[in-house]
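Student: A single structure is presented below for examination.
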Amino acid sequence: MATTSARNAGDYFASVAKTDMMRVLFALATEVYALRDRQRALESIIKASGTDLGALDEPVESATYDSERLNERDAFVGRVFAAMSHPSAGS
Amino acid sequence: MDLRINREHQARLDLVEGLKVYVAGNVMPALRQDFEKWCDEEKPTDSQLRDATYMHAKFDDDPLYQASRGLQRISQESMWREVIYGLDRRKEAIEKELDTPSDAPGSLTLDPALQMPVYYEKNEFHLQPGNYHRNTIAGPIYEVGVATYTMHRYGKAGDEMGRALVSVMPPKKYQRVLYMGCGPSYKGYPVVNALPEAEHWGIDLSAPMLKYARHRAIEHGHPINFSQMNAENMGFPPGHFDLIYCMLLLHEVPKKAVVNIVNEAARLLAPGGVLANLELPSYSSLDPLSAFLMDWDTENNGEPYWRSYHEMDLLATYRQAGLKSQLIEAHSEWGGAKGNYMGKFKYHVTMGEKIGA
């Protein structure tokens, strides 16, 4: 259901260099890998100390209202999407 | 109703919002800077810059333009996907809560036989999957989605537009007030707060939106009467209201429906009554680049009538309906204080007074 509109999308990035698109993907993959590694390590350490991790699934406010998460998010997006603020022309 | 979603889903949604913020704060300024440099060099005329064909020839193959528009589109698709995934976990509980009857002040009247107009049935406004009427929890989806869509610039209460409208309302004694196309209705709370003695009504085509609106109004202590109706043909007697208003409704319907809605509102107004329509600023009041970028939404953001609305003479439509009309600018905290890709702006309020007071 959530993809109904997506089916009608055009090729919005037709002239954007594939190399820049791959830069975005690679930057993202790097971030995801580093985070997953750190998360795995943290959860192991915390569980070993006997702490319940249930709070991780509790509802939270938007990052808009939490300056620490907001700053972290904006820095992350800036790193990942840097190539999109002045992309080269594709072939 | 607590619309907070769990940490994992909120993190996904935060990332989507972060992308929107990045587009607005980094990509669009870069695009504007390039555009201004190009204008300095090429010196196009204002009429050329107002010509869509000319602007498309300039921009369509521009990588930065494509990046800005492509990211805007995919962030919008991702936003709805993540909101729906986040709320779907609680869908049954939300439905149960919305279906619980209440005898709190105010009311809810649904009309299961109401025919949806074709323009409404076939569209997904702002790309919201299932539109406003085909998902039982469309109201909560809309509220969480729109907060992200607007990067929380309507304020935590989501009522910035209502406050802007109240700031320009003619001082009169309003006894009965109608909010057309009210959706979840929270944007109108400032009007309700400003007129506590008045009887407040809200109408909308969508039953799921109205159920949510009723539930939300009860939670906030607002005795609003909600009724499922088409604004083109409402079931109230002539002269029933002193104030009728709408916000971002008329750009969502075709020209013929705009005319019908204005005529119907004029019929329902008592002599001296006021019709107030709050919208984003017209193309002509914006710089050419902002107007061109706004127009992109017509084909790419579930806004098929955006262009035709901005091209019509609404003041003339008001006059033809027997309303003394004028265009008033209303302060926007969003556009005025923080700006967005359009630069600074004020809302446009088309204000009409029924002649014969």
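The values are calculated or read from the model by the stated rules, or taken from the named source; none is laboratory data. All values derive from a computational prediction rather than experimental measurement. Using ideal geometry, Cβ is built from the backbone for each residue, glycine included, and neighbour counts are taken over all protein chains shown. Note: accessible area is taken over every heavy atom of the protein model, side chains too, but ligands, DNA and RNA are not part of it. Shrake-Rupley method; radii C 1.70, N 1.55, O 1.52, S 1.80 Å.
Student: If you scan the stretch A:39-72, which residues turn out to be part of a helix (DSSP H, G or I), of a type in the set (A, V, I, L, M) and under 26 Å from B:Arg4 (Cα atoms)? Walk me through how you get there before you give the answer.
Tutor: To start, the set of residues in the stretch A:39-72 that are part of a helix (DSSP H, G or I) comprises A:39-48, A:54-57, A:63-65, A:67-72.
Add one more test, that the residue is of a type in the set (A, V, I, L, M), and what stays is A:41-42, A:45-46, A:48, A:55-56, A:63, A:70.
Within the stretch A:39-72, A:Leu42, A:Ile46, A:Ala55, A:Leu56, A:Ala63, A:Leu70 qualify.
Student: Are any residues in the stretch B:17-31 more than 9 Å from chain A (Cβ to nearest Cβ) and charged (D, E, K, R), and if so, which ones?
Tutor: Of everything in the stretch B:17-31, just one residue is more than 9 Å from chain A (Cβ to nearest Cβ) and charged (D, E, K, R), namely B:Lys20.
Student: Which condition breaks for B:Gly221 when tested against (1) modelled with pLDDT under 95; (2) not in a helix (DSSP H, G or I)?
Tutor: (1)
Student: Sticking with this structure for a sec: In a helix (DSSP H, G or I) and either touching a helix residue (DSSP H, G or I) at 6+ places or on another chain (Cβ under 6 Å) or at pLDDT 90 or above (or both): is that true of A:Ala75 in this structure?
Tutor: Values: in a helix (DSSP H, G or I): yes; either touching a helix residue (DSSP H, G or I) at 6+ places or on another chain (Cβ under 6 Å) or at pLDDT 90 or above (or both): yes.
Yes.
Student: Can you list the helices (runs of 4 or more DSSP H) lying wholly within the stretch B:67-179 that have 2 or more residues being within 12 Å of chain A (Cβ to nearest Cβ) and open to solvent by less than 10 Å² (accessible area, probe 1.4 Å)?
Tutor: Values: elements: B:91-99, B:118-121, B:138-149, B:160-168.
It comes to B:138-149.
Student: Can I ask one more? Look through the stretch B:199-213, keep the residues that are assigned to a helix (DSSP H, G or I) and open to solvent by less than 10 Å² (accessible area, probe 1.4 Å), and return whichever of them is farthest from B:Glu353 (Cα to Cα).
Tutor: Here the residue is B:Tyr212.
Student: Residues in the stretch B:180-198 that are of a type outside the set (D, E, K, R) and either outside the structural domain of B:Leu243 (by TED's automatic domain parsing) or not in a helix (DSSP H, G or I) (or both): how many?
Tutor: Step one: filter the stretch B:180-198 for residues of a type outside the set (D, E, K, R), giving B:180-186, B:188-196, B:198.
Keeping just the survivors that are either outside the structural domain of B:Leu243 (by TED's automatic domain parsing) or not in a helix (DSSP H, G or I) (or both) gives B:180-185, B:195-196, B:198.
Counting residues in the stretch B:180-198 that are of a type outside the set (D, E, K, R) and either outside the structural domain of B:Leu243 (by TED's automatic domain parsing) or not in a helix (DSSP H, G or I) (or both) gives 9.
Student: Go through (1) open to solvent by 30 Å² or more (accessible area, probe 1.4 Å); (2) within 18 Å of B:Ile244 (Cα to Cα); (3) at pLDDT below 95 for B:Ala330 and report which single condition fails.
Tutor: Failing condition for B:Ala330: (1).
Student: Let me confirm something: among A:Ala83, A:Ala63, A:Ala27, which residue is away from chain B (no Cβ under 12 Å), surrounded by 14 or more Cβ atoms within 10 Å (Cβ to Cβ) and either touching a helix residue (DSSP H, G or I) at 6+ places or on another chain (Cβ under 7 Å) or closer than 20 Å to B:Met79 by Cβ (or both)?
Tutor: Result: A:Ala27 is the single residue among A:Ala83, A:Ala63, A:Ala27 that is away from chain B (no Cβ under 12 Å), surrounded by 14 or more Cβ atoms within 10 Å (Cβ to Cβ) and either touching a helix residue (DSSP H, G or I) at 6+ places or on another chain (Cβ under 7 Å) or closer than 20 Å to B:Met79 by Cβ (or both).
Student: Regarding the stretch B:37-45, can at least one residue be identified that is of a type outside the set (S, T, N, Q), within 12 Å of chain A (Cβ to nearest Cβ), assigned to a helix (DSSP H, G or I) and open to solvent by 10 Å² or more (accessible area, probe 1.4 Å)?
Tutor: Step one: filter the stretch B:37-45 for residues of a type outside the set (S, T, N, Q), giving B:37-44.
Next, from what is left, pick out any that are within 12 Å of chain A (Cβ to nearest Cβ): none.
No, the stretch B:37-45 has no match at all.
Student: Let me ask you something else. Does the stretch B:55-62 include one or more residues that are on the phi > 0 side of the Ramachandran plot and among the basic types (Lys, Arg)? Can you show your working first?
Tutor: If we filter the stretch B:55-62 for residues that are on the phi > 0 side of the Ramachandran plot, which is where we start, we get none.
For the stretch B:55-62, residues on the phi > 0 side of the Ramachandran plot and among the basic types (Lys, Arg): absent.
Student: Only one of B:Ala337, B:Ala357 is part of a helix (DSSP H, G or I), more than 16 Å from B:Glu279 (Cβ to Cβ) and at pLDDT below 95. Can you tell me which? Quick ask: steps written out before the conclusion?
Tutor: Numbers: B:Ala357 fails: part of a helix (DSSP H, G or I).
None of the other options fit; the residue is B:Ala337.
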